[in-house]
1. Enumerate the amide H contacts of GLY412 below 5 Å, restricted to partners 5 or more residues apart or on another chain; note that Pro and chain-start residues carry no placed amide H.
2. With the contact rule set at Cα under 8 Å and sequence spacing of 6 or more, what percent relative contact order holds for the chain?
3. Take peptides 133-142, 460-469, 158-167, 79-88 and line them up by average Cβ neighbours within 10 Å, highest first, as a rough protection proxy.
4. Taking a cut-off of 19 Å between Cα atoms, list the lysines near LYS301, but don't count ones fewer than 8 places away on the same chain.
5. Taking 1 over the mean of 1/r across every pair of different Cα atoms in the stretch 264-450, what Kirkwood radius in Å do you get?
6. Within a 10 angstrom radius of the beta carbon, how do ILE73, ILE203 rank from fewest other beta carbons to most?
7. Please compute the length gained on full extension between THR195 and ASP105, using 0.36 nm multiplied by the number of residues separating them and subtracting their Cα-Cα distance.
8. Checking the cross-link filter: which lysines have an alpha carbon closer than 16 Å to that of LYS175, excluding same-chain neighbours under 8 positions apart?
Amino acid sequence: MEIVHVSAECYPVAKAGGLGDVVGALPKYQHELGHVAKVVMPMYRTRFLYNNEWEVVHKGYTHLGSWWFNYTIIKEKTNKLGFDLYLVDIYGLLDREKVYGYDDDTERFTAFQIAVVDWIAVWNHHPDVVHVHDHQAGLIPFMFKFCYQYQHLQNIPTVLTIHNAQYQGWMGWDKSHYLPAWDNWKAGMLEWNKTINPLASGIRCAWKVTTVSPSYLEELRREANGLEALLEYEKGKCSGILNGIDSQVWDPSVDSYFEEHYTPAGVEEGKLQSKKILCDRFNLDIEKPLITFIGRLVGEKGADLLPQAISDSFYYIGRKMNFLILGSGSPGLEARLSAMKGLTRGDFNVYIGYDEGLSHRMYAGADFILMPSRVEPCGLNQMYAMRYGTIPIVRNTGGLRDTVVDYGDTDGYGIRFNYPSVGDITQSIWRAVELYRQTAVVGSIRSRIMGLDFSWESSVRQYLELYGGMIVS
Ligand code: ADP
């Protein structure tokens with residue numbers, strides 16, 4: 001089968017969160033099973049671009065509304081990532097360092113999608129499936145079906161995966177002329193709530209829709225940032241497939257970001273060494289349990305609850321634990337957390353920013369990882385943490401619900417709480433501190449979670465079954 005993935009992120013080329021991890025791994029495992037997997041993404045100016053060799057495979061000329069532009073498709077020459085990687089260059093739009101966060105993101109990603117479709121339109125064969133990811137690629141199924149110039153692509157099966165429904169790519173109707181001439185009777189296939197909504201359009205026009213965990217699909221029917229009714233209406237073509245983790249990248253016995261490697265048999269010693277390095281660097285007390293948070297500092301992740309929950313924990317439980325936070329996001333929250341450094345007694349620290357290497361070190365050196373998410377489509381951190389023997393403390397939602405069982409329940413191994421509230425978090429931290437005192441129990445939980453199978457194998461098969469069903473029908 002030939003599968004083309006279209007995405008704004010792909011690790012290690014460019015990553016802002018879980019989307020990058022998934023698009024960096026899923027095609028690799030599809031390729032290993034004998035399929036041709038291609039990834040097409042924007043050519044940002046990242047280190048990966050400069051450190052690898054490329055060949056130009058196509059040059060085209062198309063337009064975003066009345067603005068005509070040249071685009072170039074380049075391909076990585078050595079198949080370094082285990083799949084075919086293509087980058088789309090559009091001068092003036094995609095030639096930037098960061099993935100998101102520019103005022104003209106609408107123009108950037110719309111032009112990107114137009115260039116991708118324009119390129120696929122000149123292939124002398126059709127791929128078996130085009131798999132688009134999130135709203136930055138959500139208009140592609142619409143273009144295949146309703147842009148006059150591309151209607152010969154309408155029989156290509158399309159899949160949309162929703163990694164995060166909070167962001168939908170909304171744009172006003174004044175931008176409807178951006179798309180190449182399309183059948184105006186089909187305006188309803190672009191619209192949701194009086195704006196053009198690329199995610200909603202993808203849900204309507206893609207042949208199949210997936211979410212990154214079964215529980216997230218359930219939750220979206222109740223809370224999907226305005227798309228609840230649409231998802232309920234389209235439920236027949238939706239399914240939830242839990243993400244896997246790339247067990248080659250995330251493996252404490254060979255991790256390329258640190259030297260103190262360990263296996264399940266040597267987990268105690270290995271984690272202690274990693275913890276020591278972290279505690280030395282961040283001035284923390286190695287005797288106390290180390291509780292970490294890694295992620296975007298936004299409400300969706302419950303990060304706004306951290307300052308109060310940490311203060312309450314120190315006040316009510318006592319200074320019996322360390323906290324180490326890695327993240328960036330809301331400037332107000334970044335400032336609040338940074339200010340808390342002044343109150344530390346060698347038990348709190350924060351690193352504001354994005355640091356892939358530090359995140360690996362933290363998964364290895366931490367005792368617990370805290371994820372008080374309000375919304376968690378799948379959540380990769382808890383799976384990485386467990387692979388490194390770090391016990392997850394999670395809110396009972398989305399993919400966290402699908403992957404973590406409370407240690408008080410039969411066969412459990414984590415700490416789960418129900419509400420994204422300061423009270424629930426503080427109580428869970430108390431449970432973690434109590435658990436940490438039971439060294440033998442912690443030891444057996446560590447060995448147990450390191451052996452859990454979160455590999456891509458089963459998820460890849462589910463995706464292949466989904467594709468196969470579309471090709472037959
Ligand atoms: P998201 O909703 O942000 O995509 P996921 O749990 O799906 O959340 O994926 C988060 C990914 O991003 C993980 O690989 C995590 O380690 C990484 N990550 C998030 N914030 C940071 C950061 N500040 N530094 C390094 N890695 C980070």
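1. Answer set, sorted by chain and number: none.
2. Once divided by the residue count of the chain, the mean separation gives 12 percent.
3. Order by mean packing, descending: 133-142, 158-167, 79-88, 460-469.
4. Here the lysines satisfying the reach criterion relative to LYS301 are LYS15.
5. Computed over the stretch 264-450, the radius equals 16.1 Å.
6. On the way: ILE73 20, ILE203 26.
The fewest-first ordering by Cβ neighbours comes to ILE73, ILE203.
7. Residue separation times 0.36 nm, minus the Cα-Cα distance, leaves 30.8 nm.
8. Of all the lysines, those that pass the test against LYS175 - Cα under 16 Å, at least 8 places apart if same chain - are LYS186, LYS194.
Every read-out reported here was derived from the displayed coordinates using simple, explicitly stated rules and does not represent laboratory data. Everything numeric in this text was worked out from a predicted model, so none of it was measured. Neighbour counts run over all protein chains shown; Cβ positions are idealised from the backbone, glycine included.
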